[in-house]
Amino acid sequence: MLGCPTIVSMDPDVNRFILMNEAKGIPPGYPQSMLDILGKSNIAAVNGDIHKNMRGSFLSLVSPTIIKDQILPKIDAFMRTYLSDHSWTHQVIDIQEKTKEMVFLSSLNQVAGIEASPLSKEFMAEFYKLVLGTISLPINLPFTNYYRGLKARKKIIRIIEELIEDRRNSQETHQDFLYSLMNGVVNRYKLSDEEIIDQVITILYSGFETVSTTSMMALKYLHDHPRFLEELREEHMGIRERKKAEDPLDWDDLKSMRFTRAVILETTRLATIVNGVLRKTTKEMELEGYVIPKGWRIYVYTREINYEPSLYSDPYTFNPWRWLDKPLETENYFFIFGGGTRRCPGKELAIVEISTFLHYFVTRYRWEEVGGDTMKIFPRVEAPNGLRIKVSFYEHSKSE
Ligand code: HEM
């Protein structure tokens, strides 16, 4: 796979063992192209104490208090504006493209306070090339995605270096990840400039396709299941009724979105946003009677467990209620966000972001798919030619 001998493990117990036992010589084993383009200090490339440091720094950026006091207000302000934009109605929209743009711009705003501008446009164009490069073969010839990805990385580094330089030259304080990484807030985890840059790229990268695809697929499932859309809309209309039109969402509102959380988790399960994770052997090892040579990759394929009937009854049906009926998030085989020391530290941030998006989307709009678009689930969940929808104002169309 991408140039490496790889075994694929679909056995839930073996998968759990691997995820829980990184220290026994099974660290992440992502492809060379990904490591080259995301940088040698990116969290998936580092182990042991350096990993603890990078992870600690990341977790302190997205602690529940920071999400509540700083990130939620930012996401709220962003979504409110992004979703009021007149580019939503009276035309056909590719919601795949739109959710990607939305997630990138929202993350850039959280990371460095950058609003939609020529800089964000330039950054986004390079970032898209970087993403494509990470899933390509590492062949460094002009016109390969790998080559373009490496070039994009260089440009992005230059942009972030300039931001760091500007901040060092000014006395201004900011409430964003870059400020926290450069200053006292995460001083316990003092990072070099190179580490800061790789951390910023990692944050933008890790939350990009995961959150945008979940947002798109949530709209797809809700569109196909009007009963659940109605229930979701009721939850959000209830919140709006308690507030003035200009009031932002607060933490209590977020906590009250129980059904929304269930819709998001059910979407990540049914669509399987992440099929699995990659590990490598640092020595020859035996797993379930098989000898795996040193240096081989192990694809810890977690997709199947999402359709295990003993965990999820009627597993191929979209049923958000299952998450409210049983504590599935604390199950031993809940691998949607990984497991062990690498378990996703961005999970709650992702849920806040998607919940806020759904809030403004379903309270303002209704939508219909144009039809005829296909979905692909492997190797990644995507609509190869886009997912086209027509959006109209919710209140307006209700009174028609
Ligand atoms: C629906 C959304 C998301 C899903 C399904 C998801 C899934 C995952 C999974 C499966 C892993 C484990 C990777 C491994 O074991 O090799 C992971 C790790 C990670 N995720 Fe997420 N993720 C999501 C959103 C986010 C967001 C929004 C961020 C950041 C803003 C983020 C940041 C990270 C980071 C930094 C790691 C690496 C952790 C480590 O190596 O210690 N994720 N994610």
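On the given criteria, is ALA77 modelled with pLDDT of 95 or more, in a helix (DSSP H, G or I), closer than 28 Å to TYR365 by Cα and out of contact with any His (no Cβ under 6 Å at 6 or more places or on another chain)? Break it down stepwise before answering.
Details: modelled with pLDDT of 95 or more: yes; in a helix (DSSP H, G or I): yes; closer than 28 Å to TYR365 by Cα: yes; out of contact with any His (no Cβ under 6 Å at 6 or more places or on another chain): yes.
So ALA77 fits the description; yes.
How many residues are over 17 Å from the mean Cα position of the chain (by Cα) and either in a helix (DSSP H, G or I) or of a type outside the set (Phe, Trp, Tyr) (or both) if we restrict to segment 80-123?
Residues meeting the conditions: 26.
Only one of (1) buried (at least 22 other Cβ atoms within 10 Å of the Cβ); (2) within 16 Å of the ligand (Cβ to nearest atom) is not met by LEU249, so which one is it?
With respect to (1) buried (at least 22 other Cβ atoms within 10 Å of the Cβ); (2) within 16 Å of the ligand (Cβ to nearest atom), LEU249 is out only on (2).
Quick one: is ARG297 more than 19 Å from ILE264 (Cα to Cα), within 16 Å of the ligand (Cβ to nearest atom) and within 16 Å of the chain's Cα centre (by Cα)?
Details: more than 19 Å from ILE264 (Cα to Cα): yes; within 16 Å of the ligand (Cβ to nearest atom): yes; within 16 Å of the chain's Cα centre (by Cα): no.
For ARG297, the condition - more than 19 Å from ILE264 (Cα to Cα), within 16 Å of the ligand (Cβ to nearest atom) and within 16 Å of the chain's Cα centre (by Cα) - is not met.
Only one of PHE318, PHE335 is away from the ligand (no atom under 13 Å from the Cβ), closer than 30 Å to ILE75 by Cα and in contact with a Leu (Cβ under 8 Å, 6 or more places away or on another chain); which?
Working: PHE335 fails: away from the ligand (no atom under 13 Å from the Cβ).
PHE318 is the lone residue from the list that is away from the ligand (no atom under 13 Å from the Cβ), closer than 30 Å to ILE75 by Cα and in contact with a Leu (Cβ under 8 Å, 6 or more places away or on another chain).
Given the conditions (1) part of a loop (DSSP other than H, G, I, E, B); (2) at pLDDT 95 or above, and given that GLU246 satisfies all but one, which numbered condition is not satisfied?
(2)
Take ARG167 and tell me if it is assigned to a helix (DSSP H, G or I), farther than 23 Å from LEU61 by Cα and basic (Lys, Arg). So that I can check it myself, show each step before the final result.
On the way: assigned to a helix (DSSP H, G or I): yes; farther than 23 Å from LEU61 by Cα: no; basic (Lys, Arg): yes.
Judged against the criteria, ARG167 is not a match.
Take segment 124-152 and flag every residue that is in contact with a Gly (Cβ under 7 Å, 6 or more places away or on another chain) and in a helix (DSSP H, G or I).
Listed by number, the residues that qualify are LYS129, LEU130, LEU132, GLY133, THR134, ASN145, TYR146, ARG148, GLY149, LEU150, ALA152.
Before we move on, is LEU108 touching a Leu at 6+ places or on another chain (Cβ under 9 Å), crowded, with 20+ Cβ neighbours inside 10 Å and within 24 Å of PHE337 (Cα to Cα)? Don't jump to the end; show me each part of the working.
Numbers: touching a Leu at 6+ places or on another chain (Cβ under 9 Å): yes; crowded, with 20+ Cβ neighbours inside 10 Å: yes; within 24 Å of PHE337 (Cα to Cα): yes.
It is true that LEU108 is touching a Leu at 6+ places or on another chain (Cβ under 9 Å), crowded, with 20+ Cβ neighbours inside 10 Å and within 24 Å of PHE337 (Cα to Cα).
For residues that are within 16 Å of the ligand (Cβ to nearest atom), more than 30 Å from LYS244 (Cβ to Cβ) and among the acidic types (Asp, Glu), tally how many sit in segment 345-385.
1
Is there any pair with a first residue in segment 151-162 that is over 12 Å from ILE114 (Cβ atoms) and a second that is surrounded by 13 or more Cβ atoms within 10 Å (Cβ to Cβ) whose Cβ atoms are under 6 Å apart and which are 6 or more apart or on different chains, and what are they?
Close Cβ pairs satisfying both conditions: ALA152/GLU126; ALA152/LYS129; ALA152/LEU130; ARG153/ILE37; ARG153/LEU130; LYS155/GLU126; ILE156/GLU126; ILE157/ILE197.
Show the residue pairs that are 6+ apart or on different chains and have beta-carbon atoms under 6 Å apart, the first residue being within segment 256-275 and within 15 Å of GLU329 (Cβ to Cβ) and of a type in the set (A, V, I, L, M), the second being more than 12 Å from the ligand (Cβ to nearest atom) and outside any helix (DSSP H, G or I).
Between residues of segment 256-275 that are within 15 Å of GLU329 (Cβ to Cβ) and of a type in the set (A, V, I, L, M) and residues that are more than 12 Å from the ligand (Cβ to nearest atom) and outside any helix (DSSP H, G or I), the close pairs are ALA262/PRO320; VAL263/PRO320.
Would you pick out the residues in segment 10-38 that are more than 13 Å from the ligand (Cβ to nearest atom) and over 19 Å from GLU286 (Cβ atoms)?
GLN32, SER33, ASP36, ILE37
Please work out which residue is farthest from the ligand (Cβ to nearest atom), limiting yourself to segment 300-315 and to residues that are of a type in the set (S, T, N, Q) and surrounded by 15 or more Cβ atoms within 10 Å (Cβ to Cβ).
Of segment 300-315, the ones of a type in the set (S, T, N, Q) are 302, 306, 310, 313.
Then keep just the ones that are surrounded by 15 or more Cβ atoms within 10 Å (Cβ to Cβ); that gives 302, 306.
On the way: THR302: 8, ASN306: 11 Å.
Once the filter is applied, the top-ranked residue is ASN306.
So which pairs qualify, if the first residue must be in segment 25-37 and without any contact (Cβ under 8 Å) to a residue 24 or more places away in the chain, the second must be within 9 Å of the ligand (Cβ to nearest atom) and not in a helix (DSSP H, G or I), the Cβ gap must be under 8 Å, and the two must be at least 6 apart or on different chains?
Within 8 Å, the pairs are LEU35/ASN42.
Does segment 315-326 contain any residue that is touching a residue at least 24 places away in the same chain (Cβ under 8 Å), of a type in the set (S, T, N, Q) and touching a Ser or Thr at 6+ places or on another chain (Cβ under 8 Å)?
No, because not a single residue in segment 315-326 is touching a residue at least 24 places away in the same chain (Cβ under 8 Å), of a type in the set (S, T, N, Q) and touching a Ser or Thr at 6+ places or on another chain (Cβ under 8 Å).
With MET285, MET257 as the choices, which residue is among the aliphatic types (A, V, I, L, M), under 20 Å from the mean Cα position of the chain (by Cα) and more than 15 Å from the ligand (Cβ to nearest atom)?
Numbers: MET285 fails: under 20 Å from the mean Cα position of the chain (by Cα).
Going through MET285, MET257 in turn, just one is among the aliphatic types (A, V, I, L, M), under 20 Å from the mean Cα position of the chain (by Cα) and more than 15 Å from the ligand (Cβ to nearest atom): MET257.
I'd like to check something: does segment 87-95 contain any residue that is of a type in the set (Asp, Glu) and either under 22 Å from ILE197 (Cβ atoms) or within 13 Å of the ligand (Cβ to nearest atom) (or both)? Walk me through how you get there before you give the answer.
Within segment 87-95, the first condition is being of a type in the set (Asp, Glu), and the residues that meet it are 94.
Adding the requirement that they be either under 22 Å from ILE197 (Cβ atoms) or within 13 Å of the ligand (Cβ to nearest atom) (or both) leaves none.
For segment 87-95, residues of a type in the set (Asp, Glu) and either under 22 Å from ILE197 (Cβ atoms) or within 13 Å of the ligand (Cβ to nearest atom) (or both): absent.
Output the number of residues of segment 112-149 satisfying the condition of being under 30 Å from ASN183 (Cβ atoms) and polar (S, T, N, Q).
3
The values are calculated or read from the model by the stated rules, or taken from the named source; none is laboratory data. Small disclaimer: the values here were computed from a predicted structure and weren't measured. Note that we place each Cβ from the backbone using ideal geometry, even for glycine, and neighbour counts take in every protein chain shown.
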